[in-house]
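The values are calculated or read from the model by the stated rules, or taken from the named source; none is laboratory data. Remember, predicted model here, so these are calculated numbers, not experimental data. Cβ sites come from the backbone with ideal geometry, for glycine too, and all protein chains shown count toward neighbours. SASA here: full protein model, heavy atoms, side chains in, ligands and nucleic acids out. Shrake-Rupley method; radii C 1.70, N 1.55, O 1.52, S 1.80 Å.
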Amino acid sequence: MPRIEAVRGDITTETVDAIVNAANNSLLGGGGVDGAIHRAGGPRILASCRVLRATSLPDGLPTGDAVATTAGDLAAQWVIHTVGPVHSRSEDRTAQLVSCYRRSLEVADEVGARSLAFPAISAGVYGWPMDDAARVAVSTVTETDTAVESVRFVLFSDEALAAFQQWL
Ligand code: ADP
């Protein structure tokens, strides 16, 4: 099991091997943490996403899956893009959110990343209640078999930090 901690901060400034991005299916940029990562990391990240769209992912990245690109100008070596589910009150999409964390750890293992920073996937524009998003994130990372040694949850608000700390 990796060492796990939660901090308040801006994930784009983390010095870890890989930063996880809460992307959308298109991989071609969005708001929230996705916009911040592309702004801070420069155009090479988007160029790398466009190559994926032109080759292995013509229909985009499925919800719950993850893929690595360069991290461009960021201190990290890779950005691991994952697509969280939009929260629904009529359908339980927890399995897709679990899959985001699992697949991100698998991709980290594939590229050889040993330290990872995650945002609160789906807990922004996609509407997942922060407390439950934190529960799923912490329990999944705790239960997934991985060679990743260090996982930092980098949260953008005191409320989000408190939610994650409660489950740690
Ligand atoms: P989603 O579409 O998966 O909900 P968002 O980017 O809208 O993704 O939000 C996910 C979480 O990331 C939210 O809690 C949001 O406040 C947070 N966030 C936004 N910008 C940053 C950042 N620069 N660093 C860390 N977390 C961020």
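Summary table below
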| quantity | calculated |
| --- | --- |
| Selection count, the stretch 109-142, where residues are within 14 Å of the ligand (Cβ to nearest atom) and assigned to a strand (DSSP E or B) | 3 |
| Scope the stretch 148-165; condition crowded, with 23+ Cβ neighbours inside 10 Å, under 17 Å from TRP128 (Cα atoms) and either more than 15 Å from the chain's Cα centre (by Cα) or more than 6 Å from the ligand (Cβ to nearest atom) (or both); matching residues | PHE153, LEU155, ALA163, PHE164 |
| So VAL79, is it touching a residue at least 40 places away in the same chain (Cβ under 8 Å), within 16 Å of the ligand (Cβ to nearest atom) and outside any loop (DSSP other than H, G, I, E, B) | yes |
| Selection count, the stretch 13-35, where residues are farther than 25 Å from GLN166 by Cβ and near the ligand (Cβ under 9 Å from one of its atoms) | 6 |
| Residue tally, condition open to solvent by 20 Å² or more (accessible area, probe 1.4 Å), of a type in the set (Phe, Trp, Tyr) and within 11 Å of the chain's Cα centre (by Cα), over the stretch 72-103 | 0 |
| Selection within the stretch 18-45 - open to solvent by 50 Å² or more (accessible area, probe 1.4 Å), in a loop (DSSP other than H, G, I, E, B) and in contact with a strand residue (DSSP E or B) (Cβ under 8 Å, 6 or more places away or on another chain) | ASN25 |
| Among the candidates GLU5, GLU106, residue that is open to solvent by 60 Å² or more (accessible area, probe 1.4 Å), out of contact with any Pro (no Cβ under 8 Å at 6 or more places or on another chain) and not in a helix (DSSP H, G or I) | GLU5 |
